[in-house]
Amino acid sequence: MVVAYAVAEQGGGATTVSVVADGVVRVSRDAGDGSAAADFSPAQARELAAALVRAAGEAESVVVTDPVSVKAQDLRRGDVRDGERSMTVDRVKVDEAISTAHVTWKSDAGRAWTQSYAMDTEIRLKRRGPRSAG
């Protein structure tokens with residue numbers, strides 16, 4: 001029995017963390033054009049997880065001196081809106097037929113909601129999210 005513990009979608013593919021056998025943690029990536037997997041012992045998996053947490057904290061602490069503005073259609077997952085309350089882009093769906101960008105935001109409290117913007121609406125960001133691979 002395979003139990004998936006985490007799935008992260010990025011760049012048209014998905015990365016899954018799962019337990020595939022006694023004592024084996026598998027990290028697999030399906031990018032649509034192929035897949036790859038790596039197996040880890042529980043200790044190795046914990047070490048990798050700790051390194052990911054440290055790297056994420058470091059990446060989040062990078063201070064951008066000047067906020068940037070981007071068009072709603074150019075928002076990407078991980079972008080953080082400038083303002084009193086932190087809002088992070090979870091997903092953007094652009095509907096070119098009606099010139100609208102549907103942006104799903106997440107708050108630090110875990111709430112999520114979708115707002116629609118004209119595609120060329122300028123959104124002020126405190127921090128840009130990572131560029132998607134592929």
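The values are calculated or read from the model by the stated rules, or taken from the named source; none is laboratory data. In this text, all values refer to a predicted model and were calculated from it rather than measured experimentally. Positions of Cβ are backbone-derived with ideal geometry, glycine not excepted, and every protein chain shown enters the neighbour counts. Side chains included, ligands, DNA and RNA excluded: accessible areas come from the protein's heavy atoms. Shrake-Rupley method; radii C 1.70, N 1.55, O 1.52, S 1.80 Å.
Being surrounded by 14 or more Cβ atoms within 10 Å (Cβ to Cβ) and within 20 Å of Val7 (Cα to Cα) is the filter here; which residues of the stretch 87-98 pass it?
Kept after step one, since they are surrounded by 14 or more Cβ atoms within 10 Å (Cβ to Cβ), are these residues of the stretch 87-98: 87-92, 94.
Thr88, Val89, Asp90, Arg91, Val92, listed by residue number.
For the stretch 22-47, which positions are of a type in the set (A, V, I, L, M) and open to solvent by 50 Å² or more (accessible area, probe 1.4 Å)? Spell out the reasoning first.
If we filter the stretch 22-47 for residues that are of a type in the set (A, V, I, L, M), which is where we start, we get 24-25, 27, 31, 36-38, 43, 45.
Scanning the stretch 22-47 gives Ala36, Ala37, Ala43.
Within the stretch 50-86, take every residue that is among the polar types (S, T, N, Q) and exposed (fewer than 10 other Cβ atoms within 10 Å of the Cβ) and give me the one that is modelled with the lowest pLDDT.
If we take residues in the stretch 50-86 being among the polar types (S, T, N, Q) and exposed (fewer than 10 other Cβ atoms within 10 Å of the Cβ), then Thr65 is modelled with the lowest pLDDT.
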query: In the set Arg124, Arg128, which member is modelled with pLDDT under 95 and either within 26 Å of Ala31 (Cβ to Cβ) or of a type in the set (Ser, Thr, Tyr) (or both)?
result: Arg128
- line: In the set Arg85, Arg77, Arg81, the lone residue that is under 29 Å from Val27 (Cβ atoms) and either of a type in the set (D, E, K, R) or in contact with a Lys or Arg (Cβ under 8 Å, 6 or more places away or on another chain) (or both) is Arg77
message: What's the total number of residues in the stretch 99-124 that are closer than 17 Å to Val68 by Cβ and open to solvent by 60 Å² or more (accessible area, probe 1.4 Å)?
response: 3
